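Remarks on the structure that follows.
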Amino acid sequence: MALKTWQLDAAHTTVGFMVRHMVVAKVHGRFTKFEGKVVVSGDDLSQGSAEVKIEAASIDTGVEQRDNHLRSPDFFDAAAFPKLIFRSKRVQDAG
């Protein structure tokens, strides 16, 4: 069966996260610059894969001081490690 590849469409995709801060607060954020694809073989998702490449410096939590700290060597070290890369181990139907 032929492989089908879908590119992530930035206009319809969000790479977001939520983390707890000091146990009681939740910080929501997103990355604004990324690219990615999903590859499947027909209807057989077990043969599928996904890959997303994210620009670490594009982190946006809505607080510039926090974002700059997250870009620093204390966290992502975006200058030394500009890309965050996610590669799936499997793809499965979530129903």
(message) Could you work out the relative contact order of the chain? I mean the mean sequence separation of Cα pairs under 8 Å and 6+ apart, divided by the number of residues, in percent.
(response) 26
(message) Assuming 0.36 nm per residue, please report the length gained on full extension of the stretch Lys33 to Ser88 beyond their Cα-Cα distance.
(response) 17.9 nm
(message) What are the equivalent ellipsoid semi-axes of the chain, built from the alpha-carbon gyration tensor (square roots of five times its eigenvalues), in whole angstrom, biggest first?
(response) 30, 15, 12
(message) Between Gln47 and His21, what's the calculated FRET efficiency when r is the beta-carbon distance and R0 is 41 Å? Round to 0.05.
(response) 0.55
(request) For segment 11-95, state which trypsin sites (Lys or Arg not before Pro) are in a DSSP loop and have at most 15 other beta carbons lying within 10 Å of their beta carbon. (result) Lys33, Lys89, Arg90
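Computed from the coordinates by the stated procedures, all read-outs in this text should not be read as laboratory data. Since the model is a prediction, treat every value here as computed from it, not as a measurement. For neighbour counting, all protein chains shown are included, and Cβ atoms are generated from backbone atoms with ideal geometry for every residue, glycine included.
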